[in-house]
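Working notes, beginning with the structure itself.
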Amino acid sequence: MSDQPSATELLGHHLDYEINQLNAALHMLGRVKVPADWKPQSDWQKLLNNSLMESFYLHARILFEFFEKKKGAKLYADTTFKSYSQSEIKRWVRPLNNQAAHLLEGRTNDDTKKLTDADRVEMANELSDKLERFKKALKPDYRGLVTASITKLLITSSGPQATNSPTAIK
């Protein structure tokens, strides 16, 4: 019995799960409110928002690494698929590690050095583009296994919006 998931399990379940979790965290961030009777409400709201940010960061990091590693996306795609280069992956994974995944040097309490709403939207859009290129490059045996997509977003005055949202700036 192999410890490795089958392609069907990895692409059809685990990859879709990561995509759906990333989408959910980003869409709920700033929109989900704690109950009014939770006191002090501002502290609870900050904890909820931080939890949603960390969830987004975790799933983004997993997807960036899947699209970069030799044993990740490249196993299932034809040669037209280009994985992330070291400089491309470092651009996002280092701040994700510093801000959420590691309690080491590089972690900061300075909000000006932290990832922003715009960074999260840019990450999501970059991952969305990479995912769509990956789906187009899937080898014939794996086509149709990946069904989830990452919603393309824009920043508006009310926060991240789906590009298909009526309030999004086109």
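The values are calculated or read from the model by the stated rules, or taken from the named source; none is laboratory data. Worth saying up front: this structure is predicted, and the values here are computed from it rather than measured. Positions of Cβ are generated from backbone atoms using ideal geometry, with glycine treated the same way; all protein chains shown enter the neighbour counts.
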Check on ALA25, out of contact with any strand residue (DSSP E or B) (no Cβ under 8 Å at 6 or more places or on another chain) and either at pLDDT below 90 or farther than 24 Å from SER87 by Cβ (or both): yes
Members of segment 101-118 found to be closer than 15 Å to HIS59 by Cβ and either β-branched (Val, Ile, Thr) or in a helix (DSSP H, G or I) (or both), listed by number: ALA101
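What about ASP111, is it of a type in the set (D, E, K, R), modelled with pLDDT under 85 and farther than 27 Å from GLY12 by Cβ?
On the way: of a type in the set (D, E, K, R): yes; modelled with pLDDT under 85: yes; farther than 27 Å from GLY12 by Cβ: yes.
So ASP111 fits the description; yes.
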Segment 119-135, subset surrounded by fewer than 18 Cβ atoms within 10 Å (Cβ to Cβ) and either in a loop (DSSP other than H, G, I, E, B) or touching a residue at least 24 places away in the same chain (Cβ under 8 Å) (or both), residue nearest to the chain's Cα centre (by Cα): ASN125
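Only one of SER87, SER149 is among the polar types (S, T, N, Q) and under 25 Å from LEU10 (Cα atoms); which? Even if it seems obvious, please write down each step before you answer.
Working: SER87 fails: under 25 Å from LEU10 (Cα atoms).
Of SER87, SER149, the one residue that is among the polar types (S, T, N, Q) and under 25 Å from LEU10 (Cα atoms) is SER149.
Yes/no per residue for (1) among the charged types (D, E, K, R); (2) surrounded by 18 or more Cβ atoms within 10 Å (Cβ to Cβ):
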{"residue": "LEU10", "(1), (2)": "no, yes"}
{"residue": "ASN20", "(1), (2)": "no, no"}
{"residue": "ALA24", "(1), (2)": "no, no"}
{"residue": "ALA36", "(1), (2)": "no, no"}
{"residue": "GLN41", "(1), (2)": "no, no"}
{"residue": "LEU47", "(1), (2)": "no, no"}
{"residue": "ASP78", "(1), (2)": "yes, no"}
{"residue": "TYR84", "(1), (2)": "no, yes"}
{"residue": "ILE89", "(1), (2)": "no, no"}
